[in-house]
Amino acid sequence: MSNHLLVAAIDFGTTYSSWAFSFRYDYANDPTKVSAKQWQGHESSKGPTCVLIKPDGKTLHSFGFDAEAKYAELIEEDENKDWYFFRRFKMMLWKQKLNRNSMLEDENGRKLLARTVFALSIKYLKEDLWIVSNDRIADTVLPDEIHWVLTVPAIWDNAAKQFMREAAEEAGIEPDMLTIALEPEAASLFCRHLPVEKSGDQFSLASLRAGRQYLVLDAGGGTIDITVHEVTPSGGVKELYKASGGAWGGTKVDDSFESFLACLTDKSVVKKFKEDHLDDYIELLRRFEVKKREIDPDKDTKMVMSIPLAFFTTVKKRLHKDFNKVVKKSTYTNSVFLTGDKLKIDPTVARSFFKESTERTIALVKDVLRKNENRGVEAILMVGGFSESKMLNKAVKQTFPTLKIIVPDEAGLVVLKGAVMFGHEPRNITERISKYTYGIALHPEFDPINHPESAKFTDTDGVDRCKNFFDKHVIAGQSLKVGEAQSEETYFTKPSHTSTVQIEVFATENKTPLLVTDPGCRKVGQCDIELAGTGGGREVLVRMIFGGTEIDVECTEKATGKVSHIPIDFLSYVAFV
């Protein structure tokens, strides 16, 4: 168990963000007793992931609801052009070629260093939490008494995870005081402690015995994240099947609504409305956020929404017609009506907003459950804000009638609270599936059966060798025991070696790479190891230890016992194509 006084978690979401914490003594009495932020005046435990940065591009003005409100003021006073306003920017880390100089475009098309935007946001949440936690107790909590946990989707690649880690460090969190938690795992841990009455069903994960399997469907704002877990004899959790998913979260429904508005009027209307009236656009999406939770597959009730006045004027300016006439002339003439400022949308149209997101999610769950290793799955745990949607709920229940479906109370806060529990006891996750094949670059003696002729070369000692051979240590899809060495290989120096040997570590999603120069392979670390003496036959032992969500490469010189660690870096090197 963590020996820190307090564990603090930051759930940095696509649509909403928040923080939560618990003291060590509270965790010992009741692991589910977690304090989450309450956003003043909004009766909400999560605030919008929006950040307003001053014109200098370095100073945070506000975050969340305050950022939205201040930016609306700036627009009204026509003073917004020099400010930076970012919203829903987390998805920029999904499937992008990231590096430390990656830029992020704000709502005005102005660019800032992505790491600055993320770091300022994390810094705000970190400082806000620190102030609130200190208000709870008489003595001040010192920074070195807090262990921080930052959540990331399991489907993110290691470059995105590393990017978040470095942004958190820039925000003032010490590297050894920070743990990266995978969102479905955090949810899993929290729900393993929930009694039946709080699991939103007559079935609870806590009742599952060792060897039983369940699928975690983490449906957030940006991503759908799916993993399969098995309960271990110690009561912990191990990952059975690698995380899979895609960008089909709740914001996909928002995109469908926006496409509907464009179809109802014109693309240019929506574009101009967003450009000139961003505050009204955000307010419209906020209204839709409330309405989309009410859309029910079993109720034939029209969805009624107030439309901002600015939208009416934009329609008139762009199309030279009243909004009412535009609606009547549209393809939705029999299913959408305008009464005053209220748009009344037929339930079949409202339900169609969910079509792409739910269909793609269901297809992926089906695909995962078809795999041999997942045949024992008996329940689906639905977490994340989008899991509260009646549309997604019904689709899952209808498609998988033989499985138990668990939707815990406040599904949107489960990841955040579970991340706090993970910070207290990270060892509760015992095994993970490796996303990558890891190995060392070698030049072994040439073997005409196993090595390509194109890689053959003759070294200075006159020996034919294979250039850039990928010597595998860990294979993608392999189960890795947390905290244990996954592989140990001993390497010998060649006769011509001097007093240093360079070890280069490579990674790829391919299970069977032959050379480190194969497409998709990338260098993720290197180290020059000082050796005692010179010449051939000196031994270096290389071990790869999987320490949670990140890997550690340890090199030991046999003669002296001297140990070196190779820092793994997914942001500095480019993959071969």
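The values are calculated or read from the model by the stated rules, or taken from the named source; none is laboratory data. Only a predicted model underlies this, so the values are computations on that prediction, with no experimental measurement involved. Here the Cβ positions follow ideal geometry from the backbone for every residue, glycine too, while neighbour counts run over all protein chains shown. These area figures cover heavy atoms from the full protein model, side chains too; ligands, DNA and RNA do not enter into them. Shrake-Rupley method; radii C 1.70, N 1.55, O 1.52, S 1.80 Å.
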- In this structure, is VAL253 in contact with a helix residue (DSSP H, G or I) (Cβ under 9 Å, 6 or more places away or on another chain), without any contact (Cβ under 8 Å) to a residue 60 or more places away in the chain and among the β-branched types (Val, Ile, Thr)? no
- Message: Going residue by residue through the stretch 454-462, is there one that turns out to be of a type in the set (Asp, Glu), in contact (Cβ under 8 Å) with a residue 60 or more places away in the chain and either open to solvent by 50 Å² or more (accessible area, probe 1.4 Å) or more than 22 Å from THR508 (Cβ to Cβ) (or both)?
- Response: no
- Output the residues belonging to the stretch 436-487 that are touching a Gly at 6+ places or on another chain (Cβ under 7 Å) and modelled with pLDDT under 90. VAL482, GLY483
- Scan the stretch 54-82 for residues that are aliphatic (A, V, I, L, M) and within 13 Å of SER121 (Cα to Cα) and jot them down. LEU60, ALA67
- Among the helices (runs of 4 or more DSSP H) contained in the stretch 306-370, which hold 1 or more residues that are over 19 Å from GLU258 (Cβ atoms), open to solvent by 70 Å² or more (accessible area, probe 1.4 Å) and not polar (S, T, N, Q)? 309-319, 323-329, 355-370
- Query: Does GLU373 count as touching a Lys or Arg at 6+ places or on another chain (Cβ under 7 Å) and not in a loop (DSSP other than H, G, I, E, B)?
  - Reply: no
- Message: For the condition under 21 Å from VAL396 (Cβ atoms), basic (Lys, Arg) and modelled with pLDDT under 95, what is the one hit in ARG286, ARG293?
- Response: ARG293
- Query: Quick check: is even one residue across the stretch 488-508 modelled with pLDDT of 80 or more, in a loop (DSSP other than H, G, I, E, B) and open to solvent by 20 Å² or more (accessible area, probe 1.4 Å)?
  - Reply: no
- Going through the stretch 78-104 in order, the residues found to be open to solvent by 20 Å² or more (accessible area, probe 1.4 Å), at pLDDT below 95 and over 23 Å from PHE570 (Cβ atoms) are ASP78, GLU79, LYS81, ASP82, ARG87, ARG88
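Condition check ((1) surrounded by fewer than 21 Cβ atoms within 10 Å (Cβ to Cβ); (2) hydrophobic (A, V, I, L, M, F, W, C); (3) farther than 15 Å from MET177 by Cβ) across all residues:
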{"position": "ILE10", "(1), (2), (3)": "no, yes, no"}
{"position": "THR15", "(1), (2), (3)": "no, no, yes"}
{"position": "ALA20", "(1), (2), (3)": "no, yes, yes"}
{"position": "ASP26", "(1), (2), (3)": "yes, no, yes"}
{"position": "SER35", "(1), (2), (3)": "yes, no, yes"}
{"position": "GLN40", "(1), (2), (3)": "yes, no, yes"}
- Per-region count, the stretch 246-305, residues of a type in the set (Asp, Glu), in contact with a Pro (Cβ under 8 Å, 6 or more places away or on another chain) and within 23 Å of PHE86 (Cβ to Cβ): 2
- Query: Taking the stretch 48-67 as the region of interest, how many residues are surrounded by 22 or more Cβ atoms within 10 Å (Cβ to Cβ) and either farther than 14 Å from ILE282 by Cβ or not polar (S, T, N, Q) (or both)?
  - Reply: 8
- Going through the stretch 513-522 one residue at a time, which ones are without any contact (Cβ under 8 Å) to a residue 60 or more places away in the chain and open to solvent by 20 Å² or more (accessible area, probe 1.4 Å)? THR517, ASP518, PRO519, GLY520, ARG522
- Query: What do you reckon, is ALA72 out of contact with any strand residue (DSSP E or B) (no Cβ under 6 Å at 6 or more places or on another chain) and open to solvent by 20 Å² or more (accessible area, probe 1.4 Å)?
  - Reply: yes
- Query: Based on what the data block shows, is ASP280 closer than 23 Å to GLU73 by Cα, at pLDDT below 95, touching a helix residue (DSSP H, G or I) at 6+ places or on another chain (Cβ under 6 Å) and of a type outside the set (Lys, Arg)?
  - Reply: yes
- Those residues of the stretch 122-147 which are open to solvent by less than 80 Å² (accessible area, probe 1.4 Å), of a type in the set (S, T, N, Q) and part of a loop (DSSP other than H, G, I, E, B) amount to none
- Over the stretch 249-286, the set of residues under 30 Å from ASN510 (Cβ atoms) and open to solvent by 30 Å² or more (accessible area, probe 1.4 Å) is LYS252
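To keep it simple, each residue is scored yes or no on (1) open to solvent by less than 10 Å² (accessible area, probe 1.4 Å); (2) charged (D, E, K, R); (3) not in a loop (DSSP other than H, G, I, E, B).
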| position | (1), (2), (3) |
| --- | --- |
| VAL149 | yes, no, yes |
| ASP176 | no, yes, yes |
| ILE180 | yes, no, yes |
| PRO184 | yes, no, yes |
| PHE190 | no, no, yes |
| LEU215 | yes, no, yes |
| ASP225 | yes, yes, yes |
| TYR241 | no, no, yes |
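Matching residues to (1) β-branched (Val, Ile, Thr); (2) surrounded by fewer than 24 Cβ atoms within 10 Å (Cβ to Cβ):
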{"position": "PRO401", "(1), (2)": "no, yes"}
{"position": "VAL414", "(1), (2)": "yes, no"}
{"position": "ALA419", "(1), (2)": "no, no"}
{"position": "ASN428", "(1), (2)": "no, yes"}
{"position": "SER434", "(1), (2)": "no, yes"}
{"position": "THR437", "(1), (2)": "yes, yes"}
{"position": "ALA441", "(1), (2)": "no, yes"}
- Condition check for PHE422: in contact with a Gly (Cβ under 7 Å, 6 or more places away or on another chain) and either in a helix (DSSP H, G or I) or among the aromatic types (Phe, Trp, Tyr) (or both): no
- Query: Got a number for residues in the stretch 243-268 being in contact with a Phe, Trp or Tyr (Cβ under 8 Å, 6 or more places away or on another chain), assigned to a helix (DSSP H, G or I) and either more than 25 Å from GLY385 (Cβ to Cβ) or of a type in the set (Asp, Glu) (or both)?
  - Reply: 3
